[in-house]
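These notes concern the structure reproduced below.
The values are calculated or read from the model by the stated rules, or taken from the named source; none is laboratory data. Just so it is clear, the model here is predicted, and its values are computed rather than measured. Because the Cβ atoms are built from the backbone with ideal geometry, glycine has one as well, and the counts that use them run over all protein chains shown.
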Amino acid sequence: MKEAFQAEKEISIIEILKALLSKILYLILALIIGAAAGGVFGYMTSKDIVYYGTTIQFYVNPIPKTEAAEGESIYATYGSYSTNVMKNMTNLLESEIFSEVVLDEMMAIESDGSAKLNRGDVMRDENKKVMYDTDGNVMYSGIEYTESKRTEKYDIYTPRKSDGKVVYKEGYSSTNLGSILQEDGEDRYDAYGDPMYEGVVYDYIQGVREIVEYTIVKNGETPVYKAGYDGKPLTPAISGLPTKKYKDASKKELDATYKGWIKTIAGCTSFSFKYDANIAESFFTVKMSLNRDVNGGKGEATVGKIKDQIMISVPEFVKSNMPKPSGYVGTNCFTTDLTTAIGPTNQEDAKTEAIKMAVVFGAIALIVAVVIVIALYMSDKRLRDVEIITKTFNLPVLGVIPAIDEKALKKGDNEDNGKGGKV
């Protein structure tokens, strides 16, 4: 009979559900308390974590052999890079290779580990492009240059149009353009940057442009500096930067602090671009975000200096490393006006963290409450069902004493006999 009793005490899923439903108010209360505790915990642990940053946008596209005529928009349709090319470039910009370039500039250190000299700011033209001297070196405001000018002729081919439609040679149409015209084994392009086809009629003019050349002034092998620029080592952009690049200069072993800063710069920047099909837009965006506790609590000032350097280093890096498509001579890359000031970047993080912790803690509290209710139900050895008693002891049940609700009993005491009488 004991074995039969134990067998009959196995609880079914339905009984468990009944037990849980009977304690539903306690379960809801546990859920609310857990969620409230989690929300408070999440908010309190994240409200003081502040990140500062900004967003910078850059324009980038290939430069065709035939440049835009004077006065023509720099945003003329020259063509766009493919998504693979842009992905490769953004991956490079997010790598520690580019972070090293940025850090070296901020530390005023050359690639060989020597300090940069006081050469002034990088010179830029009216289109914000970095200027280069005749030897291909970056020009600086503190160095003397001799200026010379010369003129250069260049060809401009424009598709002839009639009533707004392209004029085709006899036997050719928009579906039968013929072969792409070539020069020196490379495709030729018209004034709009589009390939030229043998079946299209082109108007030809020869343009003349003025070329300005700058040659650095030297005293022997030493550059001549303007007043106020003495060629001495620069002071690093911000305090807290590493004082040296190499732990051992002879072995080119990087200093530990220097390596840590490379990771900081790489970690606070992310590059992205939009694309349609396999053609990328001519803009990519840099998002920056850095904890304010970085660099001894100078995170806001630090990310500001990193931003200033990135605005200089990105165009130079892109121009030097972007592949040159056939028919193009280089890459345009410069910042646009769509930049934002340094400010908090995680205003919603405390709220998001509070919600997340409320969900987690509430779920845990509910699970614990469910386990407790089931455990208490299973530990209760009382027999409450007539059928279970009959099957367990194989004895008939002669009578059942009903459960009396004390509230109903008290209520019945206050009613007159005409409405049911007393129990």
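Quick notes on this one:
- Among the residues making up the stretch 117-127, those that are surrounded by 15 or more Cβ atoms within 10 Å (Cβ to Cβ) and either in contact with a Pro (Cβ under 9 Å, 6 or more places away or on another chain) or closer than 14 Å to Met311 by Cα (or both) are Leu117, Asn118, Arg119, Val122, Met123, Arg124.
- In the stretch 330-369, residue modelled with the highest pLDDT [restricted to those that are part of a helix (DSSP H, G or I) and touching a Phe, Trp or Tyr at 6+ places or on another chain (Cβ under 6 Å)]: Met357
- Restricting attention to the stretch 240-265 and to residues that are touching a strand residue (DSSP E or B) at 6+ places or on another chain (Cβ under 9 Å) and aromatic (Phe, Trp, Tyr), the residue that is farthest from Lys307 (Cα to Cα) turns out to be Tyr246.
- Pairs are defined by a Cβ separation below 8 Å, a sequence spacing of at least 6 or placement on different chains, a first member in the stretch 195-221 that is under 18 Å from Pro64 (Cα atoms), and a second member that is hydrophobic (A, V, I, L, M, F, W, C) and not in a strand (DSSP E or B); the pairs so defined are Pro195/Leu181; Met196/Leu181; Tyr197/Leu177; Tyr197/Leu181; Tyr202/Met196; Gly207/Ala69.
- Selection over the stretch 85-130 of residues that are under 15 Å from Asp255 (Cβ atoms) and assigned to a helix (DSSP H, G or I) gives a count of 7.
- Taking the criterion of being more than 41 Å from the chain's Cα centre (by Cα) and at positive phi, the only residue of the stretch 210-268 that qualifies is Gly220.
- Condition check for Gly193: of a type outside the set (A, V, I, L, M), surrounded by 14 or more Cβ atoms within 10 Å (Cβ to Cβ) and farther than 25 Å from Ser326 by Cβ: no
- Among the residues making up the stretch 160-190, those that are under 30 Å from Lys324 (Cβ atoms), in contact (Cβ under 8 Å) with a residue 24 or more places away in the chain and more than 42 Å from the chain's Cα centre (by Cα) are Arg160, Val166.
- Scope the stretch 162-182; condition among the charged types (D, E, K, R) and in a strand (DSSP E or B); matching residues: Lys165
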